[in-house]
Amino acid sequence: MKTLTEVVTKSPSIYQPVPARIVSIEELTETEKLFTVALPGGLSLHHSPGQFLQISVLGIGEAPISISSSPSRSYGTFELCVRRVGDLTTALHNLKRGDIIGVRGPFGRGFPVGRLRGKDLIFVAGGLGLAPLRSLIYEVLDQRGNYGQLSVLYGSRCPSDLLFKDELAEWEKRDDMTLSITVDHPDETWFGEVGLVLNLFDDIYPNPRNAVAVVVGPPVMYPSVIERLLSLQIPEGSIWLSFERRMKCGVGRCGHCQLNHIYTCREGPSFSYSEIKDLEEAL
């Protein structure tokens, strides 16, 4: 079975999208939808958790979208969680089942799955950051015996903004992981934690010699979360972050995503804190 990367490599241009069909659309919140997409001719995406795709709509444009599904659950399809924020994402939200979109990728360096094996894991998600982190969560759950303890800390603006609510309920029932959720602005339906995601750290006690943390969310949350992880004596090289910038070409040629000397689309979007801590623009 050919992969999408093999097809794109043999294409006349690395910038030529492959047409893919939307097979289902699920409304998650007022602004987020989950798209299940199938590639033509039995192509396989063969992505790593944390990688992204360049998604295009004919006549509108192209934008980088993180892959939300796990490679362990990509049975001929993959999933994209898309927030409606601009022209391209609005156009995606207006599409229907059966419509065609353009796909390039997968691009970038994903999360260090190999380095996580045998480790106790702390996954921290803020807002839409749960979408790419979901890919890694299911990769771990589907090979649960290869990893140590799993703690997922998730912060959202309000209860109605929580993503994957049904899945969150399932994760809360599992006895092989711990899920903690907090919201900034509760409503009458919320009886859980209130406040910053930092508050959720009070209930975890990691062994710093055997722990790895992965943090995905808005950049504003990174400095405080990193500070807390360092206070728990998690090594700088064991703290991984995801940076999404203006990734246009996806292959490090256009320079839009450049972070000092680093091309985020090619050398990221996953970085260890030790790799980017001295870059003024990073944090």
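The values are calculated or read from the model by the stated rules, or taken from the named source; none is laboratory data. None of the values given here were measured: they were computed from a predicted structure. Neighbour counts run over all protein chains shown; Cβ positions are idealised from the backbone, glycine included.
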- Can you pull out the residues in region 160-211 that are more than 14 Å from Leu121 (Cα to Cα) and of a type in the set (Lys, Arg)? Lys165, Lys173, Arg174
- Task: Go through region 46-70 and count every residue that is more than 20 Å from Leu130 (Cβ to Cβ) and of a type outside the set (S, T, N, Q).
- Result: 7
- Query: Can you name the number of the only condition in (1) more than 22 Å from Ser72 (Cβ to Cβ); (2) at pLDDT below 95; (3) assigned to a helix (DSSP H, G or I) that Leu92 fails?
  - Reply: (2)
- Message: If Gly118 meets every condition in (1) over 19 Å from the mean Cα position of the chain (by Cα); (2) assigned by TED's automatic domain parsing to the domain that holds Leu153; (3) surrounded by 20 or more Cβ atoms within 10 Å (Cβ to Cβ) apart from one, which number is that one?
- Response: (3)
- Message: Condition first: farther than 12 Å from Thr77 by Cβ, among the small types (Gly, Ala, Ser) and in contact with a Leu (Cβ under 8 Å, 6 or more places away or on another chain). Now tell me which residues in region 28-60 satisfy that.
- Response: Gly50, Ser56
- Task: Return a yes/no flag: does region 180-201 have any residue that is within 22 Å of the chain's Cα centre (by Cα) and exposed (fewer than 13 other Cβ atoms within 10 Å of the Cβ).
- Result: no
- Query: Among Pro235, Pro223, Pro206, which is the only one that is touching a Pro at 6+ places or on another chain (Cβ under 9 Å), surrounded by fewer than 23 Cβ atoms within 10 Å (Cβ to Cβ) and modelled with pLDDT of 90 or more?
  - Reply: Pro235
- Message: What's the total number of residues in region 58-75 that are closer than 16 Å to Leu34 by Cα and either in contact (Cβ under 8 Å) with a residue 40 or more places away in the chain or part of a loop (DSSP other than H, G, I, E, B) (or both)?
- Response: 8
- Ser151 passes all but one of (1) assigned to a strand (DSSP E or B); (2) under 27 Å from Arg21 (Cβ atoms); (3) of a type in the set (S, T, N, Q); which number fails? (2)
- Message: So the check is Cβ under 7 Å with 6+ separation or different chains; which pairs have a first residue in region 264-283 that's outside the structural domain of Pro132 (by TED's automatic domain parsing) and of a type in the set (Lys, Arg) and a second one that's crowded, with 17+ Cβ neighbours inside 10 Å and at pLDDT 70 or above?
- Response: Arg266/Gly108
- Item | Number of positions in region 38-50 that are surrounded by fewer than 22 Cβ atoms within 10 Å (Cβ to Cβ) and not in a helix (DSSP H, G or I) | 6
- Based on what the data block shows, is Val23 under 20 Å from the mean Cα position of the chain (by Cα), touching a residue at least 12 places away in the same chain (Cβ under 8 Å) and either surrounded by fewer than 20 Cβ atoms within 10 Å (Cβ to Cβ) or part of a strand (DSSP E or B) (or both)? no
- Message: closer than 20 Å to Ser74 by Cα, in contact (Cβ under 8 Å) with a residue 24 or more places away in the chain and hydroxyl-bearing (Ser, Thr, Tyr): is that true of Tyr138 in this structure?
- Response: yes
- Some residue of region 167-188 being of a type in the set (A, V, I, L, M, F, W, C), at pLDDT 95 or above, in contact with a Cys (Cβ under 6 Å, 6 or more places away or on another chain) and over 24 Å from Leu80 (Cβ atoms): yes
- Message: Any residue that is assigned by TED's automatic domain parsing to the domain that holds Leu141, assigned to a loop (DSSP other than H, G, I, E, B) and in contact with a strand residue (DSSP E or B) (Cβ under 6 Å, 6 or more places away or on another chain) - is there at least one of those in region 198-205?
- Response: yes
